[in-house]
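Step one of this worksheet: look at the structure below.
The values are calculated or read from the model by the stated rules, or taken from the named source; none is laboratory data. Note that the structure is predicted; figures quoted are calculated from it, not measured. Cβ coordinates were reconstructed from backbone atoms using ideal geometry, including for glycine residues, and neighbour counts include every protein chain displayed. Side chains included, ligands, DNA and RNA excluded: accessible areas come from the protein's heavy atoms. Shrake-Rupley method; radii C 1.70, N 1.55, O 1.52, S 1.80 Å.
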Amino acid sequence: MGKKIKKDLEAPPKDVFDPLAIESKKAETAVLMLQSPEEEILAKSCEALYKFAQKGDENKVTLLGLGAVESLSKLICHEAKTVRRNATMVCGIMAAHGDVRKLMQKLDMIPSLIARLAPEEDTVVHEFATLCLAHMANTFTSKARIFEVNGLEHLIRLLGSPDPDVEKNAVECLYLLAQDFQSRIAICEQNTIPPLLELLKSDYPVIQQLSLKTLGSISCEAECRLALKESQALDHLLKILEAKELNDLHVEALLIIANCLEDVDTVQLLQQSGGLKKILTFAETSPLPELQRNAAKAIAKSAHNAESRKIFHEQEAEKVLVELLASDNNGVKAAALQAISALCANVASKDVFSKSGILQIINLLSKDQAEVREAAAFTLADLTTGCPNNAAALLEADRVDALVNLLTDKREGVIANVCTVLINMAAQEPLRIALQSQGVMPALAATLQTDSSLVLRKAIFTAAAFACDAEARTQFRDADGLLHLVKLLRSNHDEVRRNACWAIAVFANDEVTASELYRLGTFDVLQEMNLSTSRRNSFSELAENKLLDNNLSLKYNQKGHLSYGNLIKDRFYDHGRLKPGAKLPSLEELSKQMLNQSRAVLLVNTTVPEPVTPSPPPVEDKPEPNPGRSPSSHSRSASREKAGRNAPSPVDDKQELPSGRSPSQSRSAHKEKSSSKLKLKVKKEEEKIKEDDEIPPVKIQPELVPQIIPWHPPIDQELIDYISDVTRTVLPLPHPREQVVALAQFVAAKMGGLVAEDRLHEFSWELHVSELKYELQCNIVPVGRIKKGIFYHRALLYKALADRIGIGCSLTRGDYGRAWNEVKLYDDSVPAGTKAPPEIYIVDLMYQPGHLMKPASVEAERYQRI
């Protein structure tokens, strides 16, 4: 046999590329290799990119700029398991960067990532796919997309994964999805609560916390709370609270319980099982401020139901909350105050707080922390509402000044709540007086300058609550509060305008304030408002009527009518019609006008002004005699003191005035005379001091300084006599009709008697009134001084006298000097005890004094017009 010869190896095919080992040091090369058709190169490139991206955010941005995300979005669906796994790992790491997530969302990668959650995929793929979804679930758009492609089902299934990283990512993604209402309901419907409760037994705290947070989110829905109760979740949560080693989970567990306590059934269940008492005890004794705060919030949530409030009262929750007020943590105090406010709706609980906690709450008003101050003011507002004793406790605690000072707080909620407390206190007169003494009205006037609509609404209403006192109105007026109030009538906020109208209706309850409001232009603004269909409100017309009813001179000028209830008082004057757009001048302004040709201003005034007594000079120690002072200086000083003591008082000067001069002119002349004498004496004393430097300066005696005497309108002595006469003669008459007729005849007799209708033009009343104006040197003429008067003179006198003796009548102004009075009289033919409406009559004061006319009769029409 011959020796065997070894066959030569076969030569490699010519069309096959020989394997090439490539070593790359650039990320760009690895990104380019993602386009390779070879599985091994794709897998190795993805693995290299994973390690590169894991090193930091800068590397993630680099890969984003190189276009790696676009390639990876395709590779996560590659048919090779290794390529899919490595590509998913890269996506999970890179999704931590916000810009990467935006691009992934734009590329719609969520359906591909959800597909990687299939059971046949590796655990590593599950881990990084859920990680990527957890990163993307931070945006609402991504949440909606996950929900749309049915990602919840896969995430819930992975809660039972044997890998803790998969569990952590899945529950975190569910927690983020549970922030949306739609997803919360879906999570609950897919029976997610049992696996979430099972995760509470995990060995990893982060998984336990995420599970509790997810349960806390879904427990916001009533349906989910019912599912929690059916799953006996409260028992699990109470066990967590009782375990001291799980103190890091106590806060989240208590939050879930707080949401569940919103249901009365849950509160009753916990009460029966003793769990509610455990929660209250745990909150009182826990060293964790966050847990105490959540416990107080739980009570506050639950206390919105009346039955729950009753249960908490039976469990003595008030005691726990009062103890929490002593905490050093401001958040705990604020939460406890909110819970107290909620429990205050129960009268029994309010009584408990009145006895034990109100003083602590009052002291919290001065805290530096704004949240605590606001909560304390809010709680006091609830405690004092409908409880006068609690409002009085603020005065007993001597903290009224703290409430007033809080009106200048920088926080809107603090001021608004303090205003509510002040409104509740204003219902009691002693409290109103105490607050007024602390300057509450000036403080409220300053508060009206804010731009906050919330503060303005409350402050205006508070000012109106105090405006029932005349002194409070004066303080508010002196602090320019009316000016700010009138400006708010033009506010663009409907409720601010409405409250401002209500406040003006209250403030206009006296003539002085009503006159000041008119001077500030309130009447014009209210008229514009009532003509507007969009700006008028339920109180704008009331404010206008109140303003007129307490300024009858203005009402008669503007409306030309005074009703039966509008009683004419002193200082009433009839100016006559005004030109459109003109303002009604005051009496004092009219008194300063020169005599003119306009019609006389008719005045009703019987008030005698109180005499102004000069203030006594201050008692000073008698100085030692100066040896360098001459005897003549002492004698001059004595003569000056004697002259000062014997100087006539302003009242004496007033009584000695001649009848032809008005009191205002006499006082003006007296003031100028006194002023000139004073200047002369001071000048002489100054010259004397210059001559002798050793003589001490002479002090001007207070009685030598002229006093400013307030202006008073002229007194109508004739009207005083008329009132006395009608009180003696008309008032005793037995029947109202007789009184009406007798008063009409009295007025006509005092103003020229009967005037025939065809002789009216011969009745020279104009000359008589002009002579009175010249005699008084004033355009104002007291109505009693007029002895020849026509319709509008007589009608005004009739109304003034009727109001003084209790005869109800109206006053209406017509055209061309016409005016008339209407009275209401009952028919004598109606049997006694029968209810019948009164008849209205117009009283004739000119042609047939005392004659009564039906308003619709021909003679009445002739009486009312020329």
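Is it true that LYS297 is over 22 Å from CYS387 (Cβ atoms), open to solvent by 10 Å² or more (accessible area, probe 1.4 Å) and either in a helix (DSSP H, G or I) or at pLDDT below 85 (or both)?
yes
List pairs: first residue in region 71-90 and among the hydroxyl-bearing types (Ser, Thr, Tyr), second residue open to solvent by 30 Å² or more (accessible area, probe 1.4 Å) and modelled with pLDDT of 90 or more anywhere in the structure, Cβ distance under 6 angstrom, at least six positions apart or on different chains.
Every condition considered, the pairs that remain are SER73/LEU107.
Go through ARG399, ARG373 for me and flag whichever is under 18 Å from GLY439 (Cβ atoms), over 16 Å from the mean Cα position of the chain (by Cα), open to solvent by 10 Å² or more (accessible area, probe 1.4 Å) and basic (Lys, Arg).
ARG399
Of all residues in region 498-513, count the ones that are under 10 Å from ARG473 (Cβ atoms) and part of a helix (DSSP H, G or I).
Counting residues in region 498-513 that are under 10 Å from ARG473 (Cβ atoms) and part of a helix (DSSP H, G or I) gives 4.
Can you find, within region 68-100, the residue that is nearest to the chain's Cα centre (by Cα) among those that are of a type outside the set (A, V, I, L, M) and within 16 Å of ALA134 (Cβ to Cβ)?
This residue is GLY98.
Can you pull out every residue in region 735-762 that is out of contact with any Phe, Trp or Tyr (no Cβ under 9 Å at 6 or more places or on another chain) and at pLDDT below 90?
Those that are out of contact with any Phe, Trp or Tyr (no Cβ under 9 Å at 6 or more places or on another chain) and at pLDDT below 90: ASP758, ARG759, HIS761, GLU762.
So which residues in region 711-734 are under 17 Å from VAL823 (Cβ atoms), open to solvent by 50 Å² or more (accessible area, probe 1.4 Å) and in contact (Cβ under 8 Å) with a residue 40 or more places away in the chain?
LEU731
Considering region 787-802 alone, what residues qualify as being buried (at least 24 other Cβ atoms within 10 Å of the Cβ) and either part of a loop (DSSP other than H, G, I, E, B) or in contact with a Pro (Cβ under 8 Å, 6 or more places away or on another chain) (or both)?
Listed by number, the list holds a single entry, GLY789.
Regarding region 463-475, can at least one residue be identified that is touching an Asp or Glu at 6+ places or on another chain (Cβ under 8 Å), part of a helix (DSSP H, G or I) and open to solvent by 50 Å² or more (accessible area, probe 1.4 Å)?
Among the residues of region 463-475, at least one is touching an Asp or Glu at 6+ places or on another chain (Cβ under 8 Å), part of a helix (DSSP H, G or I) and open to solvent by 50 Å² or more (accessible area, probe 1.4 Å), which makes the answer yes.
Is there any pair linking a residue in region 576-596 that is over 18 Å from LYS555 (Cα atoms) to one that is open to solvent by 90 Å² or more (accessible area, probe 1.4 Å), with Cβ under 9 Å and at least six apart or on different chains, and which?
That search, which allows pairs on different chains as well, returns LEU595/TYR774.
Please specify each residue of region 215-259 satisfying the condition of being in a loop (DSSP other than H, G, I, E, B) and either in contact with a helix residue (DSSP H, G or I) (Cβ under 7 Å, 6 or more places away or on another chain) or in contact (Cβ under 8 Å) with a residue 60 or more places away in the chain (or both).
SER219, CYS220, GLU221, SER231
Write out, first by first residue and then by second, each pair whose Cβ atoms fall under 6 Å of each other, whose residues are 6+ apart or on separate chains, and whose first residue, in region 537-562, is of a type in the set (D, E, K, R) while the second is surrounded by fewer than 19 Cβ atoms within 10 Å (Cβ to Cβ).
Qualifying pairs under 6 Å: GLU541/ASN530.
Of the residues LYS74, LYS81, LYS106, which is more than 19 Å from LEU49 (Cα to Cα) and either open to solvent by 10 Å² or more (accessible area, probe 1.4 Å) or among the aliphatic types (A, V, I, L, M) (or both)?
Only one candidate qualifies: LYS106.
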